[in-house]
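Everything below concerns the one structure shown next.
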Number of protein chains: 2
Amino acid sequence: MAQAAGVSQSTVSLVLGGKWPGRVSPATAAAVHDAAERLGYRPNPAARNLRMGTTRTVMLMVPTLIAPFFGSVHAGAARVAARHGFGLVVYPWPDDAGPADSPFAASREAIDGILASSMPREVLAGFPGTPVVMLDSDPAGAETTVNFAVADGMRAIAAHLGALGHRRIGHVAAEPDQWTFQVRGAALAAGVAALPGGALTRAVTSIDIAAAKDAAGRLLDAHERPTALVCDDDMLAAGAYKAARARGLDVPGDLSVTGMDDVLLATALEPELTTVRLPAEELGAQGMAALLELLGGGRPPSRSLPGRLVVRGSTAAAV
Amino acid sequence: MAQAAGVSQSTVSLVLGGKWPGRVSPATAAAVHDAAERLGYRPNPAARNLRMGTTRTVMLMVPTLIAPFFGSVHAGAARVAARHGFGLVVYPWPDDAGPADSPFAASREAIDGILASSMPREVLAGFPGTPVVMLDSDPAGAETTVNFAVADGMRAIAAHLGALGHRRIGHVAAEPDQWTFQVRGAALAAGVAALPGGALTRAVTSIDIAAAKDAAGRLLDAHERPTALVCDDDMLAAGAYKAARARGLDVPGDLSVTGMDDVLLATALEPELTTVRLPAEELGAQGMAALLELLGGGRPPSRSLPGRLVVRGSTAAAV
DNA sequence: CATGGCCAGTCATACGTATTACTTGTCGCG
DNA sequence: CGCGACAAGTAATACGTATGACTGGCCATG
């Protein structure tokens, strides 16, 4: 390449690196660019970063990409990473793998940092010393976190239902192994307790439509049937709809239902779901920004992003 | 590191590389591993690949990761890539970006190959000389492709509806800018033509629930209302459900509806959707396998993966 | 005319690993 | 004892780029 342009390798580097404007004459620079074009030459990025000992690649760890929520997180993170010239490898954590036999064990050294969304802290054990920003996770840890203000969201739902006259409220709860679901549960309990005469019942389920249908069914079959079901996330609400229909209950005529997250599913359901919109893409973007700041030697603070109650057709006045 | 273990750098490389079993005495190997453990030392993967001029990273290009379908494709591709020690960067193509100003332009040289799913061929123009495998794309091109047998799927749907007595069939069609939708449309037309007395009407829509509702509504408001709506994908079927409900039509009592893909949404709808299951994860896995074979100097053949009709509650005998 | 400063490039080296070729020591065997 | 085979480790080099130090030419200034 150097001889093709009739200059030294150093000059090629100066031109193509672009960091030293004015360091090289326009004519020579043009010759280099021309030769590069002709040969289809591209600088080897690995060699480029060799000196600084960095890969300019970060890893996103998510439980799965099949849930659209994490697709949105990725989109936000990828946008910010790309703008800073960082590559982003995604890491869907397989259910059955421990830190040791994870499929990405081979490339675990090939990254500068980790953005972990909704992951248990243990999975980071395999990556000692790697800078980490955690999303949607317990902020009590040492790592910088970016979270949603889910407690506010749950309180807003409780207040919304309270204003509609609901008092007996059922909670279709996800298993509290994730921090966010612990918070959601506690906030809902507090919100319902704040209603005069408010009473909360709860059924726990895995995040699966059929399982949620069963759990919601248990609540609906109780002696004093709740007039509203608050679901920990939108997918669980789909199960609640099914349980209601199976019992001939109309949503929202006989039963109000709410979700949380506002993924695509929320508007696919009929009636469309009242839920709290969590800005997933913003979560990814702010998390990535924090991680890059961390990599740059900064000390980014933990943050919390507000959600917004979106009232659609699944809630109505209590009967 | 070398001196910490009391050996030469070469020996460290021999031990940690692991490619030369028996080349080094067990005692020395243990000493090296021990020192590495103590120092938290990890070989720099960039330097590792420097010699072979490869990055051991491939790029997945998808229109978006927010659609669960592409999440599944990614999962399959990531699994295979990881097993071969390849990193995988994901590339959601932004609607508004041309090849030039794409957010990943900066890292475009940092990859060995491209796996492009459901992407227009033009986006590859910015990556001359890079090995490519295309998924869900026109197999007429020069690249190796891995596709679904969507034509078979559509014919299976037509036959299923035909067996239920349906003759007037409406097609809620996605815009035919993607190859797969052209094939789906043609195959459905052929399948309906094969039914005695079969008649097909068509309304085109963007892939959006509200737009699909409008398109389905147009078909349902026609003089001779179709008794079944065939939708080009599951999300469009959600719109068809809405159009039916808005007109007081029961699914499947008054109207049968089918989708294609079998994403999560299909079982979240009520009634659950009759659709064709396309093995998205398998698509990603086979595509990645083909790409890795290509990178290894092979010439992988193009393939087509069969779908499978999944009959659920949204289809019934014609009235 | 001598000097110093700047411009445009080049030289040399460093980055961290893989690999080839070499060295050293040991052992077995004739 | 002499030789070759072999085991275990090291030296040297290559990979491709970034960058600080250096060089030669040119011009302006005194």
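Against the conditions (1) near DNA strand D (Cβ under 9 Å from one of its atoms); (2) under 28 Å from A:Leu50 (Cα atoms); (3) at pLDDT below 90, B:Ala29 satisfies every one except (3).
If you go through the range B:12-26 and keep only what is under 11 Å from B:Pro43 (Cβ atoms), near DNA strand D (Cβ under 10 Å from one of its atoms) and of a type in the set (A, V, I, L, M), you end up with B:Val12, B:Val15. Only helices (runs of 4 or more DSSP H) whose full extent lies in the range B:1-102 are considered here, and the ones with at least 3 residues that are within 11 Å of chain A (Cβ to nearest Cβ), more than 15 Å from DNA strand C (Cβ to nearest atom) and surrounded by 13 or more Cβ atoms within 10 Å (Cβ to Cβ) are B:68-83.
Report, by residue number, each residue of the range A:191-229 that is small (Gly, Ala, Ser) and assigned to a helix (DSSP H, G or I).
A:Gly191, A:Ala193, A:Ala210, A:Ala211, A:Ala212, A:Ala215, A:Ala216, A:Gly217
Just one of the listed residues (A:Ala268, A:Ala237) is over 30 Å from A:Ala82 (Cα atoms) and more than 20 Å from the chain's Cα centre (by Cα), namely A:Ala268. Once the range B:158-172 is narrowed to residues that are buried (at least 23 other Cβ atoms within 10 Å of the Cβ) and aliphatic (A, V, I, L, M), the residue that is nearest to B:Ser137 (Cα to Cα) is B:Val172.
Against the test of being at negative phi and modelled with pLDDT under 95, the options B:Glu272, B:Glu175, B:Glu224 yield a single qualifying residue, B:Glu224. I'd like to know if the range A:51-66 contains one or more residues that are among the aliphatic types (A, V, I, L, M) and within 12 Å of DNA strand D (Cβ to nearest atom). Checking the range A:51-66: at least one residue is among the aliphatic types (A, V, I, L, M) and within 12 Å of DNA strand D (Cβ to nearest atom). Within the range B:174-188, if we keep just the residues that are without any contact (Cβ under 8 Å) to a residue 60 or more places away in the chain and outside any helix (DSSP H, G or I), the residue that is surrounded by the fewest Cβ atoms within 10 Å (Cβ to Cβ) turns out to be B:Asp177.
State whether one or more residues within the range A:246-258 are modelled with pLDDT of 95 or more, within 10 Å of chain B (Cβ to nearest Cβ) and over 18 Å from B:Leu264 (Cα atoms). Spell out how you get there, then give the answer.
The first filter runs over the range A:246-258 and keeps only residues modelled with pLDDT of 95 or more, leaving A:246-258.
Then keep just the ones that are within 10 Å of chain B (Cβ to nearest Cβ); that gives A:246.
Adding the requirement that they be over 18 Å from B:Leu264 (Cα atoms) leaves A:246.
Scanning the range A:246-258, I find at least one residue that is modelled with pLDDT of 95 or more, within 10 Å of chain B (Cβ to nearest Cβ) and over 18 Å from B:Leu264 (Cα atoms), so the answer is yes.
Only residues that are under 21 Å from A:Leu164 (Cβ atoms) and either hydrophobic (A, V, I, L, M, F, W, C) or without any contact (Cβ under 8 Å) to a residue 60 or more places away in the chain (or both) were counted across the range A:254-266, and they come to 6. Of the residues in the range A:134-146, none is within 14 Å of chain B (Cβ to nearest Cβ) and outside any strand (DSSP E or B).
For the range A:61-85, enumerate the residues that are touching a Phe, Trp or Tyr at 6+ places or on another chain (Cβ under 6 Å) and either among the hydrophobic types (A, V, I, L, M, F, W, C) or under 23 Å from B:Met52 (Cβ atoms) (or both). Steps first, answer last, please.
So the first thing to find is which residues in the range A:61-85 are touching a Phe, Trp or Tyr at 6+ places or on another chain (Cβ under 6 Å), and the list is A:61-63, A:82.
Matches in the range A:61-85: A:Met61, A:Val62, A:Ala82.
The values are calculated or read from the model by the stated rules, or taken from the named source; none is laboratory data. For clarity, every value in this text was computed on a predicted model and none was experimentally measured. Neighbour counts run over all protein chains shown; Cβ positions are idealised from the backbone, glycine included.
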